[in-house]
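See below for the structure under consideration.
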Amino acid sequence: MSRLLLFNKPFGVLSQFTDRGSPTVRATLSDFITVKGVYPAGRLDRDSEGLLLLCDDGRLQARIADPRFKMPKTYLVQVEGDPQDQELEGLRRGVRLKDGMTLPAEVARIDAPDLWLRDPPIRQRKSIPDSWLKITIREGRNRQVRRMTAAVGLPTLRLVRWSIGDWSVAGIAPGAFEEVTPPGTVASRRSER
């Protein structure tokens with residue numbers, strides 16, 4: 001039976017188990033994950049938070065991470081500015097980036113979600129509003145959501161990956177993980193930091 005972990009990756013943690021060669025000590029998955037033989041199915045940038053899936057099955061890992069399978073990934077994104085229909089439609093149609101056009105995204109304005117506090121907190125500026133978007137993409141280019149929002153004039157302030165396919169980070173504290181048995185039945189093991 002394959003093992004699959006749903007990890008709520010905190011801000012500032014690398015999506016890898018080691019950080020060789022870095023002049024400064026940075027947090028890695030080994031600071032949180034004690035399960036042996038599991039590896040990340042995809043990546044989540046150091047400055048992003050939320051769901052990171054880890055598994056011990058290469059085929060499952062490929063099905064989750066490979067863009068050919070177009071598994072939906074949903075992000076809660078705090079952006080600088082007040083998104084207008086034009087910017088939202090740009091994201092929905094697809095955005096031209098340096099590495100080509102993105103696939104169309106599902107985008108909706110949302111109220112500020114009830115999330116855990118981020119450490120360090122997002123800097124608030126009185127003269128510039130911020131807003132929250134729910135964005136679902138089906139590809140996984142490097143820093144794609146951040147580049148897409150920047151391309152339409154809405155720089156990302158905070159990015160939380162909320163779900164991948166049917167798996168969600170709901171109810172999992174930052175730095176904790178939950179083990180599930182594919183295709184998504186919750187197992188009895190849970191880790192809290």
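The values are calculated or read from the model by the stated rules, or taken from the named source; none is laboratory data. A quick note: this is a predicted structure, and the numbers were derived from the prediction, not measured. Neighbour counts run over all protein chains shown; Cβ positions are idealised from the backbone, glycine included. Keep in mind that these areas ignore ligands, DNA and RNA; they rest on the heavy atoms of the full protein, side chains included. Shrake-Rupley method; radii C 1.70, N 1.55, O 1.52, S 1.80 Å.
Here D111 fits the description: open to solvent by 50 Å² or more (accessible area, probe 1.4 Å), in contact with a Phe, Trp or Tyr (Cβ under 9 Å, 6 or more places away or on another chain) and closer than 21 Å to S48 by Cα. The condition of being among the charged types (D, E, K, R) and under 30 Å from D56 (Cβ atoms) holds for only one of E89, E139, that being E139. Between a residue in the range 96-117 that is touching a residue at least 24 places away in the same chain (Cβ under 8 Å) and any residue that is loosely packed, with under 10 Cβ neighbours inside 10 Å, which pairs come within a Cβ distance under 7 Å, given they are 6 or more apart or on different chains? Nothing qualifies. Contact map, the range 42-57: first residue within 20 Å of R118 (Cα to Cα), second residue among the small types (G, A, S) and buried (at least 23 other Cβ atoms within 10 Å of the Cβ), Cβ cut-off under 8 Å, separation 6 or more or different chains; pairs are L44/G50. Based on this model, can you work out whether I110 counts as hydrophobic (A, V, I, L, M, F, W, C), modelled with pLDDT under 95 and either more than 15 Å from the chain's Cα centre (by Cα) or closer than 22 Å to D47 by Cα (or both)? So I110 fails the test. Taking the range 52-77 as the range and being small (G, A, S) and more than 13 Å from R141 (Cα to Cα) as the test, the residues that pass are G58, A62.
Close contacts from the range 71-90, counting a first residue that is more than 22 Å from D47 (Cα to Cα) and a second that is of a type in the set (S, T, N, Q), with Cβ to Cβ under 6 Å and a gap of 6+ residues or different chains, come to D82/S131; P83/S131. Out of the residues in the range 84-99 meeting the condition of being open to solvent by less than 20 Å² (accessible area, probe 1.4 Å) and part of a helix (DSSP H, G or I), tell me which one is nearest to Q124 (Cα to Cα). Ranking the candidates gives L88 first.
Mind checking whether some residue in the range 110-130 is in contact with a Ser or Thr (Cβ under 6 Å, 6 or more places away or on another chain), over 15 Å from K70 (Cα atoms) and aromatic (F, W, Y)? No, that holds for no residue.
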